[in-house]
Amino acid sequence: MMPSSSRLPIILLLFFSLVTSAYATADTKEFVLTLDQSNFTQTVTKHEFLVVDFYAPWCGHCKELAPEYETAASILSSNSPPITLAKVDANDEKNKDLATEYDIKSFPTLKIIKDGGKTIQDYKGPRDAQGIVAYLKKQVGPASTEIKSTEDASDLINGDKIVIVGIFPEFCGDKFNTFLALAEKLRSDYDFAHTLDAKLLPRGDSSVSGPIVRLFKPFDELVVDFEFFGLKEDHVPVIVINNDKEKYVKPNVEPDHIESWLKEYKEGKIAPYVKSEPVPESNDQPVKMVVANNFDDIVFKSGKNVLLELYAPWCGHCKKLSPILDKVAASFAKDKNVVIAKMDASANDIVHEEFEVKGYPTLYFKSASGKLLKYSGKRSKEKLIDFIKKNKDESTHKDSGKEEL
């Protein structure tokens with residue numbers, strides 16, 4: 001029998017061999033799954049969320065990504081739930097069909113495959129391990145984050161990215177579900193959030209209750225406001241882009257619409273939205289009704305002298321002026337070269353910058369020759385009539401023999 005002192009070196013040698021073997025196994029374990037044509041579909045169908053790196057062995061960028069991707073895979077393997085990363089040699093002849101199916105045109109190309117292959121998105125995140133981890137953790141979380149406080153809003157809407165926020169009276173119903181579907185589809189491009197309280201948001205009308213969608217961008221404020229934009233309930237869900245001079249509206253948004261609509265907007269293919277009341281079916285009263293959609297026809301294209309009141313229905317001074325304007329219009333009833341008109345400036349956009357409104361009522365006179373004057377005199381019948389007679393021109397409109405305006 002071997003003495004115990006003789007057995008000790010053997011035991012120690014066996015112990016160190018086992019430890020070394022364990023470390024070697026840990027060091028050589030690969031967390032990134034290697035896929036090819038034979039096991040790709042089977043693997044995809046088993047995962048709710050899978051990231052696949054389509055690479056080529058000769059590609060320098062692929063070689064740089066490989067260790068970062070492997071490190072990220074090891075970290076994400078212990079995430080709850082685990083996030084699986086895989087790779088496919090898209091340069092291998094046997095995997096060319098996969099490369100074609102997933103539209104691989106350059107290396108490396110990373111795809112996020114969800115719901116067993118039903119949803120496929122481009123990976124648009126960082127290429128370092130920590131960046132990959134952070135980006136993918138966000139992709140498997142809720143597509144839209146609830147804003148419960150001003151601190152939540154400040155953390156998310158920090159001025160360096162596009163953020164889309166849905167404001168809802170309650171978190172249920174078709175409109176809320178449509179918003180979540182939209183968020184899921186575009187989560188790799190934009191940050192989404194939802195809230196019950198518009199007062200928590202840093203910009204925009206704080207009194208709205210929704211459902212509306214509000215966009216925030218680093219370079220201008222993008223808001224949806226139903227009093228301001230004149231949108232109707234059947235327009236929602238709706239997206240509005242509002243810059244310094246113009247608004248662009250996409251009503252009845254569906255998840256499949258927004259990506260192409262935003263692309264057309266960026267390319268300048270979307271016409272600006274103009275808020276307007278309906279054009280009156282008949283406009284035969286002494287004071288003509290102007291709305292945004294007939295503004296040019298009456299004020300600019302009629303070739304006549306036009307006195308225009310820009311008013312708001314709730315304005316007390318406007319109410320006092322109304323019967324005076326009726327009398328002014330009656331005094332020019334036989335003069336076909338003069339038009340007295342009014343427009344509710346709270347319900348219609350004024351697209352011409354020269355018609356500046358700082359208070360109600362505001363009166364402008366556009367002569368037949370195109371001269372534009374702002375009236376700042378006394379709002380009496382006599383003063384207004386004298387002003388019109390002094391500044392009016394002969395009409396530039398050819399009489400067609402039909403009664404107009």
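The values are calculated or read from the model by the stated rules, or taken from the named source; none is laboratory data. These figures come from a predicted structure and were not determined experimentally. Cβ placement follows ideal geometry from the backbone for every residue including glycine, while neighbour counts extend to all protein chains displayed. Heavy atoms of the whole protein, side chains included, go into the accessibility calculation; ligands, DNA and RNA do not. Shrake-Rupley method; radii C 1.70, N 1.55, O 1.52, S 1.80 Å.
General remarks:
- Residue match in region 390-404 (condition: modelled with pLDDT of 90 or more and either open to solvent by 80 Å² or more (accessible area, probe 1.4 Å) or small (G, A, S) (or both)): yes
- Test result for Y311, out of contact with any helix residue (DSSP H, G or I) (no Cβ under 6 Å at 6 or more places or on another chain), crowded, with 19+ Cβ neighbours inside 10 Å, under 26 Å from K247 (Cα atoms) and aromatic (F, W, Y): no
- Listed here are the strands (runs of 3 or more DSSP E) enclosed by region 117-177 that have at least 1 residues being out of contact with any helix residue (DSSP H, G or I) (no Cβ under 7 Å at 6 or more places or on another chain), modelled with pLDDT under 90 and loosely packed, with under 14 Cβ neighbours inside 10 Å: 119-122.
- The strands (runs of 3 or more DSSP E) located wholly in region 25-113 that include 2 or more residues which are out of contact with any Phe, Trp or Tyr (no Cβ under 7 Å at 6 or more places or on another chain) and surrounded by fewer than 20 Cβ atoms within 10 Å (Cβ to Cβ) occupy 33-35.
- Residue identified as buried (at least 19 other Cβ atoms within 10 Å of the Cβ), over 18 Å from K378 (Cβ atoms) and within 41 Å of the chain's Cα centre (by Cα) among S282, S302, S346: S302
- Residue ID - most open to solvent (accessible area, probe 1.4 Å), chosen from residues in region 254-279 that are in a loop (DSSP other than H, G, I, E, B) and of a type in the set (D, E, K, R): K269
- A single member of I75, I83 is touching a Leu at 6+ places or on another chain (Cβ under 6 Å), aliphatic (A, V, I, L, M) and without any contact (Cβ under 8 Å) to a residue 60 or more places away in the chain, and it is I83.
- All conditions in (1) assigned to a loop (DSSP other than H, G, I, E, B); (2) open to solvent by 10 Å² or more (accessible area, probe 1.4 Å) hold for K320, with the sole exception of (1).
- Counted residues, region 109-165 - those being over 21 Å from the mean Cα position of the chain (by Cα), farther than 28 Å from A73 by Cβ and without any contact (Cβ under 8 Å) to a residue 40 or more places away in the chain: 1
- Whenever a residue of region 95-108 is of a type in the set (K, R), its partners that are in a loop (DSSP other than H, G, I, E, B) and open to solvent by 70 Å² or more (accessible area, probe 1.4 Å), lying with C-beta atoms within less than 9 angstrom and at least six residues away or across chains, give the pairs K96/Q37.
- Scan of region 305-316 for residues that are more than 39 Å from the chain's Cα centre (by Cα) and either within 15 Å of S380 (Cα to Cα) or part of a helix (DSSP H, G or I) (or both), ordered by number: L307
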